[in-house]
1. Among the helices (runs of 4 or more DSSP H) lying completely within region 4-104, list those that include at least 2 residues that are hydrophobic (A, V, I, L, M, F, W, C) and modelled with pLDDT under 85.
2. Out of all the residues in region 51-58, is one or more surrounded by 13 or more Cβ atoms within 10 Å (Cβ to Cβ) and without any contact (Cβ under 8 Å) to a residue 12 or more places away in the chain?
3. Of the residues Met86, Met74, only one is surrounded by 10 or more Cβ atoms within 10 Å (Cβ to Cβ) and touching a Pro at 6+ places or on another chain (Cβ under 7 Å); which?
4. For region 19-50, which positions are of a type outside the set (A, V, I, L, M), open to solvent by 60 Å² or more (accessible area, probe 1.4 Å) and either in contact with a Gly (Cβ under 8 Å, 6 or more places away or on another chain) or more than 19 Å from Gly78 (Cα to Cα) (or both)?
Amino acid sequence: MSEQLLSDLTVFVLAVLVGFEVIGKVPSTLHTPLMSGTNAIHGVVLVGALLIASTADDLLSYVLAFVAVAFAAMNVTGGYVVTDRMLGMFRRRREPVTQKGSRP
């Protein structure tokens, strides 16, 4: 096992532990807003997939790059859609307009 691989695995394991600990401390009512915001921020994954696609040179690389870009785009779009729906839940609804003198 090379030293670089061991270093990468250490960073990965520490990131998993820190992420698990941070998410475990968030109240359950905030999980959905946190996850939708996180999905929207995952635009960096889309950028990474596009960078990988730019270096593809054979059919397998093209297919994998296309799948990576498609999934990253769906993740970002889904994050924005879920965030928009959640924000819509906090908007005030318009009250029905009543004619003067009539009761709703």
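1. Numbers: elements: 31-41, 43-54, 59-89.
Counting at least 2 such residues, we get 31-41, 59-89.
2. Yes.
3. Just one listed residue meets the conditions, Met86.
4. Listed by number, the residues that qualify are Phe20, Glu21, Gly24, Lys25, Pro27, Ser28, Thr29, His42.
The values are calculated or read from the model by the stated rules, or taken from the named source; none is laboratory data. Just so you know, these numbers come straight off a predicted model, no measurement behind them. Positions of Cβ are backbone-derived with ideal geometry, glycine not excepted, and every protein chain shown enters the neighbour counts. Areas reflect the complete protein model, heavy atoms only, side chains present, ligands, DNA and RNA absent. Shrake-Rupley method; radii C 1.70, N 1.55, O 1.52, S 1.80 Å.
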